[in-house]
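Here's the structure we're looking at; comments come further down.
The values are calculated or read from the model by the stated rules, or taken from the named source; none is laboratory data. The structure presented is a predicted model; accordingly, all values stated were derived computationally and were not measured. Glycine gets a Cβ as well: all are built from the backbone with ideal geometry, and neighbour counts include every protein chain shown.
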Amino acid sequence: GSLGAHPPSPLSLPPTVTSEQIEHLHRRFKQLSRDQLTIRKENFDSIPDLEFNPIRGKIIHAFFDKRRNLRQESDGLADEINFEDFLTIMSYFRPIEMNMDEEQLDRFRKEKLKFLFHMYDSDHDGKITLQEYRNVVEELLSGNPHLEKESVRSIADGAMMEAASICVGQMGPDQVYEGITFEDFLKMWQGIDIETKMHVRFLNMETIAHCY
Amino acid sequence: IPSVSNIVPESCLLIVVGLLVGGLIKGVGQKPPMLNSDIFFLFLLPPIILDAGYFLPLRQFTENLGTILIFAVVGTLWNAFFLGGLMYAVCQLGGPGLNHISLLANLLFGSIISAVDPVAVLAVFEEIHINELLHILVFGESLLNDAVTVVLYHLFEEFANFEQVTIVDIILGFLSFFVVSLGGVFVGVIYGLIAAFTSRFTSHIRVIEPLFVFLYSYMAYLSAELFHLSGIMALIASGVVMRPYVEANISHKSHTTIKYFLKMWSSVSETLIFIFLGVSTVAGHHYWNWTFVISTLLFCLIARVLGVLVLTWFINKFRIVKLTPKDQFIIAYGGLRGAIAFSLCYLLDYKHFGMRDMFLTAIITVIFFTVFVQGMTIRPLVDLLAVKKKQDTKRSINEEIHTQFLDHLLTGIEDICGHYGHHHWKDKLNRFNKKYVKKCLIAGERSKEPQLIAFYHKMEMKQAIELVESGGIGKIPSAVSTVSIQNINPKTLPVKRILPALSKDKEEEIRKILRNNLQKTRQRLRSYNRHTLVADPYEEAWNQMLLRRQKARQLEQKMNNYLTVPAHKLDSPTMSRARIGSDPLAYEPKADSENLPVITIDLASPQSPESVDLINEEPKGCGGLPPSPEEDEEGLVMQAKEPSSPGTDDVFTPGTSDSPSNQRMMRCLSDPGPRPEPEEGEPFIPKGQ
């Protein structure tokens, strides 16, 4: 659905994103899109603080991922997204609610982790391979220009081996660990409360930063 | 059958010991010593606070800072005034014995006793292992309420001398709170930065590195106390500020020294404090007034419970992770009072506060009650209520990667939303830190080392030490999995010597050298080791020799493994494990590949006969490394170094070769820290981690 002067009614969205927050986000959307109806990748360049973010590429990519994040039928990357899509992505970051039961909590958690998983798994084959993991670590450390490639590599290797030992346990010398599947990913995140960590407080959004 | 230590917390036992000792001294006819407030505040309290502040889990602390501050400031104020006011009412109604106690005196009393005591909290909470959130909430509160206590105490003490208290005085008092707390923090930060800056230049004098940490922190405390600022907050601030930079600069041994000294001092302090409390109880002049004491106790508890309930209701509006009633109960129940209250009361001047003895009695009663009753019952209550306990999760590299990734992701989302939130500011602070502060305060290359790398090195070293310490007995610790690099990346080429030059007899030569060195160590052992001189020389030495021989055999086996199996390049897990004995923290990712760092582990140390010296011969020397497709890896060879004669202090023995990296390594080794080097059992097993 496209929008005119006002944002769409939150039919498809979870009820926790209040209409006030939608107003805020809509204003922000208009800022980013320069009053157009859609946002393209280039519009994200106008956010100054995003420059410093090492995983900038992955974040922007996540906004345009059609099948996984935008819940559309087709595959690949969208060229532009409208406000509804924007909200869909934002809804992944909504905070936890007190009145959620076990099942809802579990689904909530899985949703967020799935979003993360797609960011790691760049070729979307359902597995995070060693190369993809190396890629992630490289990007994380990309802010340090004079780092040796070898250190980055060994960190990723070490992490992968640890993941393998968590998920599979003891491995014989001939077994090969293909990659981290989503179930393994869930196991790795067991200790960390993703549902409380992965959220952005939409509470007070009076100050909306400007983009140039 | 539960032993005494399971039921009774250590603090209680210590107080009982103090009571016994005091009673004994009194029984003999001597006057038992009282807990001198000067000694308490100047010598006994700082080590505990420094220990707490230096090892404060910063992440949880900052995440809950708002909650902690509200509990500390508002909670303590509420306690003080509620208690003071009610006690005044009681005094008025309490008959002739209590009538003369003024409102101010009561308020002063309230402010002294309302503060949750960090020493008591630490003593009790250490043993019950509750989850980190509750621990940091109660503990953080006990630390930060010092500012409030200091302000209120001085305020009321002064006011008690005034004829009249005007509004201006009250407002000034209110302002002084900010001065005291922020001033204390400011002083702490200054000293912390100075300490960090000093540690940047200590690479030549590793021996006194720990001294700077202690010295500057103590000076921060004294400076703050000098100006009636909050010394505790200064101490905490300095510990928190200096820690990341100091840890990046100092050697591993210094780090261990600092850790152990702090733990030792704080342990001793804590013990002494509780014992003295017991002795002082026996020694002090008491004035027991039933009404006063009982009502104090009652109102303390009521005030605490009410305060926690109301504040939690307010705080939960802003928290993501709400505090459940169970949490609230533990927080309320964990409000223990301790020696600080006692000492503050003891400081009161008899002239102005004639009822000091009564106050003292009441305070001691409350302390005893909280420490004994609450301290003893909190553990079964925690079990009963099934409060979440502390999870023994080892920090893994995966977790670190994920946490950083998530941090960046959330910062990015906040930027996209245009919302200047939590993550945004944290990110800005980190960037500022990286760009400016780290450059000033961290020596050399480490200033540019990103957190992930530093963390990784630290973990590797820890694992390596673990491995070696247990590997010396030939046992593989269960923590190390058998997943190796082959399991995840089958494409890494199997062994193929780069250069066929490493022949069988070269291997044999290496082995012979190793064996010889081990023998030499053994011989030296007999003459150097004090213990073998005193004990039956033959039997001791014989046992030792057998042990060494067994270890030598194991080492040989592992050498075999190494020499026929690929070793990895320097930065890989295997090599970093081999860097034991050298200083991994001072390792610089060096630019030129010709000078592979030297790993020198001193053979003269009697406790580690397996120490092996590895000095890089030449790049074209013996290989044994896999030809990684892209890079041209250089070999790392073993070559025995002439062990220095027994008894030489390593400080003055320069390295045999004069390559800069060798010298650096020697410098690190020149730190004559606690002697037992971790046994170099298996430096070359190409384990996965």
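In table form, for the structure just shown:
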{"read-out": "Evaluation of B:Cys345 against (1) in contact (Cβ under 8 Å) with a residue 12 or more places away in the chain; (2) farther than 24 Å from B:Gly84 by Cβ (one fails), failing number", "value": "(2)"}
{"read-out": "Some residue of segment B:317-325 being away from chain A (no Cβ under 14 Å), part of a helix (DSSP H, G or I) and loosely packed, with under 15 Cβ neighbours inside 10 Å", "value": "no"}
{"read-out": "Some residue of segment A:106-122 being in contact with a strand residue (DSSP E or B) (Cβ under 7 Å, 6 or more places away or on another chain) and aliphatic (A, V, I, L, M)", "value": "no"}
{"read-out": "Scan of segment A:135-160 for residues that are in a helix (DSSP H, G or I), facing chain B (nearest Cβ under 8 Å) and more than 22 Å from A:Leu77 (Cα to Cα), ordered by number", "value": "A:Val137, A:Leu140, A:Glu150, A:Ser151, A:Ser154, A:Ile155, A:Asp157, A:Gly158, A:Ala159, A:Met160"}
{"read-out": "Number of positions in segment B:411-450 that are touching a residue at least 60 places away in the same chain (Cβ under 8 Å), acidic (Asp, Glu) and either closer than 30 Å to A:Phe86 by Cβ or part of a loop (DSSP other than H, G, I, E, B) (or both)", "value": "1"}
{"read-out": "Scope segment B:416-427; condition at pLDDT 80 or above and either surrounded by fewer than 20 Cβ atoms within 10 Å (Cβ to Cβ) or of a type in the set (Phe, Trp, Tyr) (or both); matching residues", "value": "B:Trp425, B:Lys426"}
{"read-out": "Helices (runs of 4 or more DSSP H) contained entirely in segment B:81-187, each with at least 1 residues that are acidic (Asp, Glu)", "value": "B:118-128, B:132-159"}
{"read-out": "Verdict on B:Ile413 being touching a helix residue (DSSP H, G or I) at 6+ places or on another chain (Cβ under 9 Å) and within 7 Å of chain A (Cβ to nearest Cβ)", "value": "yes"}
{"read-out": "Restricting segment A:24-40 to residues that are polar (S, T, N, Q) and not in a helix (DSSP H, G or I), the residue that is nearest to A:Glu80 (Cα to Cα)", "value": "A:Thr38"}
{"read-out": "Output for segment A:118-129, where each listed residue is assigned to a helix (DSSP H, G or I) and either within 11 Å of chain B (Cβ to nearest Cβ) or modelled with pLDDT of 85 or more (or both)", "value": "A:Met119, A:Tyr120"}
{"read-out": "Within segment A:41-64, tally of residues that are more than 7 Å from chain B (Cβ to nearest Cβ), of a type outside the set (Gly, Ala, Ser) and under 19 Å from A:Leu113 (Cα atoms)", "value": "5"}
{"read-out": "Whichever residue in segment B:389-415 is at pLDDT 80 or above and β-branched (Val, Ile, Thr) and, among such residues, is surrounded by the most Cβ atoms within 10 Å (Cβ to Cβ)", "value": "B:Thr411"}
{"read-out": "Residues satisfying the stated conditions in segment B:40-80, i.e. outside any helix (DSSP H, G or I) and touching a helix residue (DSSP H, G or I) at 6+ places or on another chain (Cβ under 7 Å)", "value": "B:Leu56, B:Pro57, B:Asn64"}
{"read-out": "Matching option when the condition is more than 20 Å from B:Ile363 (Cβ to Cβ), in the same structural domain as B:Gln328 (by the TED database) and modelled with pLDDT of 90 or more, among B:Leu69, B:Leu42, B:Leu19", "value": "B:Leu69"}
{"read-out": "Selected residue (criterion: nearest to B:Ile453 (Cα to Cα)) from residues of segment A:161-185 that are at pLDDT 80 or above and in a helix (DSSP H, G or I)", "value": "A:Phe185"}
{"read-out": "Criterion: within 30 Å of B:Glu449 (Cα to Cα), under 24 Å from the mean Cα position of the chain (by Cα), acidic (Asp, Glu) and part of a helix (DSSP H, G or I) - qualifying residue of A:Glu132, A:Glu103", "value": "A:Glu132"}
{"read-out": "Unique match (being of a type in the set (Ser, Thr, Tyr) and over 30 Å from B:Phe314 (Cα atoms)) among B:Ser5, B:Ser111", "value": "B:Ser5"}
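Okay, residues lined up against (1) over 30 Å from B:Phe353 (Cα atoms); (2) surrounded by fewer than 17 Cβ atoms within 10 Å (Cβ to Cβ); (3) in the same structural domain as B:Val437 (by the TED database); (4) touching a Pro at 6+ places or on another chain (Cβ under 9 Å):
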| site | (1), (2), (3), (4) |
| --- | --- |
| B:Asn161 | no, yes, no, no |
| B:Phe178 | no, yes, no, no |
| B:Val185 | yes, no, no, no |
| B:Gly188 | yes, no, no, no |
| B:Leu193 | yes, no, no, no |
| B:Val213 | yes, no, no, no |
| B:Tyr218 | yes, no, no, yes |
| B:Tyr221 | no, no, no, yes |
| B:Ala224 | no, no, no, no |
